[in-house]
Amino acid sequence: MAIRCIVFDIGGVLVELKGIATMLGWMRNPSDEAGLWRAWLGSPAVRDYERGRIDAGEFAAGVVEDFGLSVTPEQFLAGFADWPSGPLPGAHELLRDVRTDVMRATLSNSNALHWSRIMHEMAFESYFDHHFASHLIDRIKPDHDVFAHVIQALGVRPDEMLFVDDNAINIDAARRCGLTAYRCAGPGEARARLAAAGLLTSSGA
């Protein structure tokens, strides 16, 4: 089937996340970046906050405990608020170059602290036809039900969707749900994948 919709992760694909090194430095039992993300996606506090089920204070206290951080919840939360530092170079240009007959959607594990900044301050909202932010839909990657929700909401078949994310765990989950999915770290890698699939305008390929 032809691809009718491209679904973009935001952090690490379109927006730079700058807090990873700081978070690793706060951990009493150090990990690498891949290990941090595996733990992050499995943390009860993270999952509850990014599904909109707890407030920022409960989230911060839970993360400090879950990850054994050497800072207070207040210090963690102050740093966490600034994790999204801005659009990655070429992000807006990539979205402008997507063919006009192809739907564009976001699928992001996000939260109230970050979402408004990304959509408005970083000017991403208008580039998409649909948004699926975890804290607004009470579903989170890499769970199966978040992909099922997006498929149903968009009214497309799984094999009519192409999903790009910078996290291998999410890519594997999407593929198990029947989506075409590629791990892309930044707009350059995403552009190469979309161009190869014929999803960009001739000027953007």
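Would you check if Asp129 is modelled with pLDDT of 95 or more and closer than 28 Å to Ala56 by Cα? No, not satisfied.
For the range 172-191, a residue qualifies if it is closer than 15 Å to Leu95 by Cβ and either at pLDDT below 95 or part of a helix (DSSP H, G or I) (or both), and the qualifying residues are Pro187, Gly188, Glu189, Ala190, Arg191. The single condition among (1) within 20 Å of the chain's Cα centre (by Cα); (2) outside the structural domain of Val150 (by TED's automatic domain parsing) that Asn109 does not meet is (2). Residue count for the range 128-148 satisfying the condition of being without any contact (Cβ under 8 Å) to a residue 60 or more places away in the chain and closer than 16 Å to Arg175 by Cα: 6.
Residue count for the range 135-154 under the criterion of being surrounded by fewer than 16 Cβ atoms within 10 Å (Cβ to Cβ) and aliphatic (A, V, I, L, M): the result is 3. Looking only at the range 129-143, residues that are among the β-branched types (Val, Ile, Thr) and in a helix (DSSP H, G or I) come to 1 in all. Scan the range 144-154 and tell me whether some residue there is outside the structural domain of Val46 (by TED's automatic domain parsing), outside any helix (DSSP H, G or I), in contact with a Cys (Cβ under 8 Å, 6 or more places away or on another chain) and closer than 26 Å to Tyr49 by Cα. Looking for residues that are outside the structural domain of Val46 (by TED's automatic domain parsing), outside any helix (DSSP H, G or I), in contact with a Cys (Cβ under 8 Å, 6 or more places away or on another chain) and closer than 26 Å to Tyr49 by Cα, one finds none in the range 144-154, hence no.
Filtered by the rule that a residue be hydrophobic (A, V, I, L, M, F, W, C), crowded, with 16+ Cβ neighbours inside 10 Å and more than 17 Å from Ser116 (Cα to Cα), the range 9-20 gives a lone residue, Val13. The requirement of being part of a helix (DSSP H, G or I), over 19 Å from Trp40 (Cα atoms) and in contact with a strand residue (DSSP E or B) (Cβ under 8 Å, 6 or more places away or on another chain) is fulfilled somewhere in the range 157-170, by at least one residue.
The single residue among Ile169, Ile137, Ile151 that is of a type in the set (Val, Ile, Thr) and modelled with pLDDT under 95 turns out to be Ile169. Could you grab me the full set of residues in the range 39-79 that are over 19 Å from His135 (Cβ atoms), surrounded by 13 or more Cβ atoms within 10 Å (Cβ to Cβ) and in contact with a strand residue (DSSP E or B) (Cβ under 7 Å, 6 or more places away or on another chain)? Phe67, Leu69, listed by residue number.
The values are calculated or read from the model by the stated rules, or taken from the named source; none is laboratory data. None of these values were measured; they are calculated from a predicted model. As a convention, Cβ positions derive from the backbone with ideal geometry for all residues, glycine included, and neighbour counts pool all protein chains shown.
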